Amino acid sequence: MLARSQPPASRSRLIMPADSAKNSILIYVVDDNPLLGEVTAQIINTAGYQTRMFTNPIEANGALEKGEPKPQVLVTDFDLGKLVGFDLINTTRQNIPGIKPLLVSGTVDREVLAKHPVQPDKFIPKPLKADDIIGGVEELLAG
């Protein structure tokens with residue numbers, strides 16, 4: 001019997017959608033919970049967008065600092081362990097002008113969010129619904 005290997009501590013995967021007009025749009029998804037990140041990326045992917053999913057916020061931060069490939073939307077969790085979503089949003093705006101950050105969280109209080117100097121373009125509380133994620137991404141892309 002073969003033993004299962006443990007999943008790597010960090011994962012970054014590029015998920016390509018089926019052929020569509022939207023598939024040239026890249027969306028980064030950052031969540032330190034691999035299952036939630038994968039589900040979020042798959043939901044966005046089913047809407048026709050290309051996604052790159054990160055479970056390691058430091059790796060995501062490095063990719064955002066390089067800015068290649070350049071995402072149009074950043075979907076990030078608030079609590080990422082080593083960083084918070086605000087850190088990624090701040091880095092992203094410095095390195096990729098015009099990017100649209102979408103913050104998701106089940107832990108951040110709306111009052112804390114409202115008072116923080118770094119603001120996402122959109123906030124969606126957890127638990128997430130597929131329609132909310134897709135609608136949020138499409139709203140940001142349209143605006």
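Numbers at a glance
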| read-out | value |
| --- | --- |
| Residue list for segment 56-69, restricted to those being small (G, A, S) and not in a loop (DSSP other than H, G, I, E, B) | A60, G62, A63 |
| Residue match in segment 91-99 (condition: at pLDDT 95 or above and part of a strand (DSSP E or B)) | no |
| Segment 107-123: number of residues that are modelled with pLDDT of 90 or more and in contact with a strand residue (DSSP E or B) (Cβ under 7 Å, 6 or more places away or on another chain) | 4 |
| Of all residues in segment 70-81 being part of a strand (DSSP E or B) and of a type in the set (D, E, K, R), the one that is surrounded by the most Cβ atoms within 10 Å (Cβ to Cβ) | D77 |
| Index of the failed condition, R52 passing every other in (1) farther than 20 Å from N23 by Cβ; (2) of a type in the set (D, E, K, R); (3) out of contact with any helix residue (DSSP H, G or I) (no Cβ under 7 Å at 6 or more places or on another chain) | (1) |
| Pairs, first hydroxyl-bearing (S, T, Y) in segment 28-51, second surrounded by fewer than 24 Cβ atoms within 10 Å (Cβ to Cβ) and part of a helix (DSSP H, G or I), C-beta under 6 Å, six or more apart | Y49/K22; T51/N45 |
| Residues located in segment 21-50, provided they are in a helix (DSSP H, G or I) and hydroxyl-bearing (S, T, Y) | S24, T40, T46 |
| Options V118, V112, V84, V108: the member that is more than 15 Å from I27 (Cβ to Cβ) and surrounded by fewer than 15 Cβ atoms within 10 Å (Cβ to Cβ) | V112 |
| Unmet criterion (only one of (1) at pLDDT below 95; (2) assigned to a strand (DSSP E or B); (3) not aromatic (F, W, Y)) for M53 | (1) |
| Count of segment 97-125 residues which are touching a residue at least 60 places away in the same chain (Cβ under 8 Å) and of a type in the set (F, W, Y) | 0 |
| Test for T40: is it touching a strand residue (DSSP E or B) at 6+ places or on another chain (Cβ under 8 Å), at pLDDT 95 or above and of a type in the set (S, T, Y) | yes |
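Residues are listed down the side, and each one gets a yes or a no for (1) surrounded by fewer than 24 Cβ atoms within 10 Å (Cβ to Cβ); (2) hydrophobic (A, V, I, L, M, F, W, C); (3) closer than 20 Å to T107 by Cβ:
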position	(1), (2), (3)
P34	yes, no, yes
A41	no, yes, no
I44	no, yes, no
A47	yes, yes, no
T51	no, no, no
T55	no, no, yes
G62	yes, no, no
E65	yes, no, no
E68	yes, no, no
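The values are calculated or read from the model by the stated rules, or taken from the named source; none is laboratory data. What you are looking at is a predicted structure, and each value in this text was computed from that prediction instead of being measured. Backbone-built Cβ (ideal geometry, glycine too); neighbour counts: all protein chains shown.
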